[in-house]
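Okay, so here's the structure we're looking at.
No value in this document is a laboratory result; all are computed from the given coordinates. Nothing here was measured: the structure is a model prediction, and the numbers come from that model. No Cβ is skipped: glycine too gets one built from the backbone with ideal geometry, and neighbour counts run over all protein chains shown.
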């Protein structure tokens, strides 16, 4: 008879440990899901940051391409009236401002060198995002 009591006690103990084990695994699954959710949120934030950086790099590269294009065009046809503006709506979202102003350089004797002009091109391609290019031109 004592063997049956021990057997029943062991069986009852085994059932009890199954219930706590299943409850403990549910708790572990909930913790794992929480950690997974935090990791996914972090990954989404990192992905968004990478996409924004790629868009900014693309915009900067496009603005530099516009600067190079306008610089070569201005070497052939500089804005002699002083300032020329190409609005963003007419130029693929990049506003270009070209200015030509006299540039004063003195020789070692103190005389001014005539015919030097400073060509400055400014490209605005977003809120507070600008690229500039400067070059000196000699036009006697």
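Protection proxy ranking for 96-107, 73-84, using the average of other Cβ atoms within 10 Å per residue and placing the highest first: 96-107, 73-84.
Sorted fewest first by neighbouring Cβ atoms within 10 angstrom, 125, 117 come out as 117, 125.
Of the peptides 31-38, 85-92, the order by per-residue mean of other Cβ atoms within 10 Å, starting with the highest, comes out as 85-92, 31-38.
Placing a pseudo-label 7 Å from each Cα along the Cα-to-Cβ vector at residue 129 and residue 104 gives an inter-label distance of 3.8 nm.
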